[in-house]
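Since the structure comes first, as C-alpha cells, the remarks are kept for the end.
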Amino acid sequence: MTADGTRLSQNGKLYPAARLTQEELGRAHRAAHFLVHDRGLSIRRAQQVMAEDYGIRRSVGTIARDLADFVCPSCDDVDS
C-alpha cells in the first residue's frame with residue numbers, strides 16, 4: 001500500500017487499498033452525477049476533480065458505469 005491509501009496491482013495500475021463502503025459508493029455516485037450532469041464536465045475531467053477535491057479515486061470506465069446505473073429523482077422525472 002502507498003502513502004495515499006492506494007495499492008499497486010499486478011497490472012501496474014493503482015487501486016484503492018480497500019473496497020468502498022456503501023456510503024462511500026453513494027458519495028462517489030452523487031459526485032460523478034453532479035460533476036458530469038450538473039456542471040457539464042467530461043468524465044475524464046470529473047475523474048480529476050473527484051480525486052483532487054473529493055479524495056475519490058475512480059476509473060473513467062467505472063464513472064461511466066456509475067452514471068449509467070445511477071438515476072437521481074430529478075433525472076428520473078426528465079426521462080419520464
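All of the numbers you see were taken from the coordinates with simple rules; none came from a lab. Every value quoted in this text rests on a predicted model; they were computed, and no experiment measured them. Counting neighbours? That spans all protein chains shown, and the Cβs are built from the backbone with ideal geometry, glycine included.
Data for the structure
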{"quantity": "Residue order, fewest to most beta carbons within 10 Å, for Ile56, Ile63", "calculated": "Ile56, Ile63"}
{"quantity": "FRET efficiency for Thr62 and Thr21, using Cβ-Cβ distance with R0 set to 25 Å, rounded to 0.05", "calculated": "0.95"}
{"quantity": "Computed FRET value (nearest 0.05) for Ser9 with Tyr54, which takes r as the C-beta separation and R₀ as 25 Å", "calculated": "0.65"}
{"quantity": "Residue order, fewest to most beta carbons within 10 Å, for Val71, Val49", "calculated": "Val71, Val49"}
{"quantity": "Sorted by Cβ density within 10 Å, fewest first, the residues Thr62, Thr21", "calculated": "Thr21, Thr62"}
